[in-house]
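The values are calculated or read from the model by the stated rules, or taken from the named source; none is laboratory data. Not measured: the values here are computed from a predicted model. All Cβ positions, glycine included, derive from the backbone under ideal geometry; neighbour counts span all protein chains shown.
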Amino acid sequence: MAQKQKLHVKVGDQVTIISGFYKNETGEVIKVDSNTKKVTVQGINLKFKHVKPTAENEIGEIKQFEAPIDHSNVKIN
């Protein structure tokens, strides 16, 4: 059985994005998933989710959240 690869970033690290749409932007790591080798950076890779109303008196909304990016696309400052 293969060992898990140790990730070079931890929660709370300041990182810079080195590739993709958000290249050269910086942010703080808020979540690390070692199984999928992805990290979530605050304010980077923002996505939208449209939520339908579930009850008669509720209204729908659009939620904004940070999507994870691959750990190889970030470097520690």
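Some points to look at:
- Considering (1) hydroxyl-bearing (Ser, Thr, Tyr); (2) assigned to a helix (DSSP H, G or I); (3) in contact (Cβ under 8 Å) with a residue 60 or more places away in the chain, the lone condition that Thr16 does not fulfil carries the number (2).
- Filtered residue count, region 29-71, keeping only those that are of a type in the set (D, E, K, R) and within 27 Å of Gln3 (Cα to Cα): 5
- Residues that are part of a strand (DSSP E or B), out of contact with any His (no Cβ under 7 Å at 6 or more places or on another chain) and surrounded by 14 or more Cβ atoms within 10 Å (Cβ to Cβ) within region 31-56 comprise Val32, Thr40, Val41, listed in sequence order.
Residues are listed down the side, and each one gets a yes or a no for (1) touching a helix residue (DSSP H, G or I) at 6+ places or on another chain (Cβ under 7 Å); (2) in contact (Cβ under 8 Å) with a residue 24 or more places away in the chain; (3) under 18 Å from Gly12 (Cβ atoms):
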| residue | (1), (2), (3) |
| --- | --- |
| Gly27 | no, no, yes |
| Asp33 | no, yes, yes |
| Phe48 | no, no, no |
| Ile59 | no, no, no |
| Ile69 | no, yes, yes |
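- All positions within region 57-69 that are part of a loop (DSSP other than H, G, I, E, B) and at pLDDT 95 or above: Ala67, Pro68
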